[in-house]
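The values are calculated or read from the model by the stated rules, or taken from the named source; none is laboratory data. Predicted model only: the values in this text are computed from it and were never measured. FYI the Cβ positions are ideal-geometry reconstructions off the backbone, even for glycines, and counts take in every protein chain you see. Just the protein is used for accessible areas: all its heavy atoms, side chains included, with ligands, DNA and RNA removed. Shrake-Rupley method; radii C 1.70, N 1.55, O 1.52, S 1.80 Å.
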Amino acid sequence: MKKDLISIDDLRLEQILNYLDLAARVAAIPDAEKFRFLPGRILATLFFEPSTRTRLSFESAMTRLGGRVIGFSEAAGSSTAKGESFSDTIRTVEQYADIIAVRHPKEGTARRAAEISRLPILNAGDGANQHPTQTLLDLYTIRKFFGQVDGLRIALVGDLKYSRTIHSLCRALLMFDGVAMTLVSPESLKLPGYLLKAAKGTTATFRETSSLEEAIRETDLVYMTRIQKERFPDVVEYEKVKDAYVLEAGMLAGVPARFKVLHPLPRVNEISPDVDATPHAGYFEQARNGVIMREALILDLLDARPARSTP
Amino acid sequence: MTPQSQILLIPKIECGYVIDHIPAGLGIQVMALIGCHPELEAAVVTLGLNYKSTRMGRKDMIKLQTKSLPPRLLQMLALVSPGVTIKRIANYEVVEKVVIQVPELFDNLARCINPNCITNVEPHIGTRFKRLESGSRHFKCAHCERVCTLDELAGHLKA
């Protein structure tokens with residue numbers, strides 16, 4: 001049976017841990033050896049909306065594995081511009097490739113692609129719904145920095161209302177043991193109530209604070225997010241909150257050596273460039289981990305996992 | 001109104017089905033659902049509105065003289081009016097009685113409430129809504145994962 005990765009909600013903790021383990025094994029393989037894994041295989045990257053990082057990360061992963069990449073980077077470059085339906089695009093492209101990564105502004109598109117295609121489908125973001133490869137790379141990064149995810153104290157900062165990255169990460173963290181989440185956001189961008197309720201019956205905890213400094217003092221890592229201008233119907237409302245939380249290097253004075261700052265990128269003003277030079281900046285390594293996790297996912301979905309004996 | 005005159009208003013049928021315990025006010029909507037099924041075009045249908053009910057206070061009731069009820073109608077009833085009773089009548093007697101329950105899955109019965117869901121962009125795509133958990137009145141779209149209530153779904157019934 002073919003495999004897909006559509007939603008974090010489809011995964012059990014055991015499956016998530018398997019992906020993190022696989023990514024760790026893939027990271028240990030020298031790039032020069034990775035080329036032998038997928039020669040002659042083709043990844044189609046169907047990006048109906050622009051996303052430089054995610055698309056390049058998928059393309060880098062497939063290329064490093066020795067495969068090739070075809071695709072488009074915006075709807076204008078596809079037959080959608082000529083009126084073709086999404087379903088027809090999938091049915092056509094599956095004739096050209098071995099695996100498909102799809103990003104689309106409409107929710108449910110990745111699930112639809114998985115329903116109708118015989119190829120493995122990787123959800124690279126469907127509207128405001130899911131971005132599971134981002135969540136897995138975030139978890140991989142966190143585990144790499146701290147050795148584990150269980151019991152960590154994690155601050156989620158910025159746009160907690162609209163950020164699908166935050167929502168998916170939250171859902172995943174609830175599966176781990178005793179994660180304490182501190183929520184830092186403007187009043188108008190608080191975490192939706194249904195996610196707070198989802199903690200019921202788990203060992204996770206939520207608490208809210210309006211102080212970024214307090215959150216830094218009392219957590220192991222802060223996960224910063226961009227306030228997304230495109231989400232605001234009224235630009236005046238955006239202007240009120242756009243710089244609500246700006247992390248500067250001076251705020252990190254006195255934090256433990258292992259304290260980390262993560263961000264899914266792109267950042268605007270929420271992390272000052274002076275943080276980059278501190279040992280706490282983890283976001284560029286996080287971006288690097290995106291390639292590793294996507295390598296692992298492509299290998300898994302194509303049933304080409306490296307043998308366990310591989311260094 | 002005497003009990004006798006109530007009985008006269010809803011005459012017994014020889015064979016067919018009674019949809020009973022429809023919440024008062026929903027009878028017209030259920031009639032519209034029946035009208036969507038060409039299989040029931042020849043059925044004689046009797047609609048009774050706002051009858052006294054010991055259990056519900058007031059209720060609506062529909063009697064259909066037909067040999068069978070389309071399964072899709074039963075699914076629609078489960079969405080629009082769960083809790084109604086379906087009684088099969090043979091030789092003027094109730095021979096079978098079923099209370100329509102909220103199911104675990106609605107298969108291509110309603111449109112998603114999320115206008116940005118792919119199933120609304122390409123309406124030929126079959127929808128599926130799964131119950132969040134047993135006993136819940138919340139359902140999740142199998143495509144966009146938006147959670148909605150049973151009432152919201154009932155308001156988005158497919159034609």
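Filtered by the rule that a residue be open to solvent by 40 Å² or more (accessible area, probe 1.4 Å), touching a strand residue (DSSP E or B) at 6+ places or on another chain (Cβ under 9 Å) and within 9 Å of chain A (Cβ to nearest Cβ), segment B:115-131 gives a lone residue, B:Asn116.
Confirm whether B:Leu150 is in contact (Cβ under 8 Å) with a residue 60 or more places away in the chain, outside the structural domain of B:Pro23 (by TED's automatic domain parsing) and under 17 Å from the mean Cα position of the chain (by Cα). Can you show your working first?
On the way: in contact (Cβ under 8 Å) with a residue 60 or more places away in the chain: yes; outside the structural domain of B:Pro23 (by TED's automatic domain parsing): yes; under 17 Å from the mean Cα position of the chain (by Cα): yes.
The answer is yes for B:Leu150.
Are any of the residues in segment A:78-99 of a type in the set (D, E, K, R) and buried (at least 23 other Cβ atoms within 10 Å of the Cβ)? No. Counting only strands (runs of 3 or more DSSP E) that fall entirely inside segment B:58-114 and contain at least 1 residues that are among the hydroxyl-bearing types (Ser, Thr, Tyr), assigned by TED's automatic domain parsing to the domain that holds B:Ile22 and open to solvent by less than 20 Å² (accessible area, probe 1.4 Å), the qualifying elements are B:85-90. A count restricted to segment A:232-255 and to residues that are closer than 21 Å to A:Asp220 by Cβ and open to solvent by 80 Å² or more (accessible area, probe 1.4 Å) stands at 3. Does segment A:90-112 hold any residues that are in a loop (DSSP other than H, G, I, E, B) and more than 14 Å from every other protein chain (Cβ to nearest Cβ), and which are they? Passing the criteria: A:Glu94, A:Gln95, A:Tyr96, A:Ala97, A:Asp98. Listed conditions (1) in a strand (DSSP E or B); (2) away from chain A (no Cβ under 14 Å); (3) more than 25 Å from B:Ile34 (Cβ to Cβ) are all met by B:Gly135, apart from (1). Would you call A:Ala215 closer than 25 Å to A:Asp276 by Cα and modelled with pLDDT of 95 or more? Judged against the criteria, A:Ala215 is a match.
Count of segment B:20-40 residues, restricted to those that are assigned to a helix (DSSP H, G or I) and either open to solvent by less than 50 Å² (accessible area, probe 1.4 Å) or within 12 Å of B:Val80 (Cβ to Cβ) (or both), is 9. Condition first: open to solvent by less than 20 Å² (accessible area, probe 1.4 Å), within 14 Å of chain B (Cβ to nearest Cβ) and at negative phi. Now tell me which residues in segment A:113-134 satisfy that. Listed by number, the residues that qualify are A:Ala113, A:Ala114, A:Ser117, A:Ile121, A:Asn123, A:Asp126, A:Gln130, A:His131, A:Pro132.
Looking at segment A:1-38, which of the residues that are within 14 Å of chain B (Cβ to nearest Cβ) and charged (D, E, K, R) is nearest to A:Gly178 (Cα to Cα)? Only one residue tops the list, namely A:Asp9.
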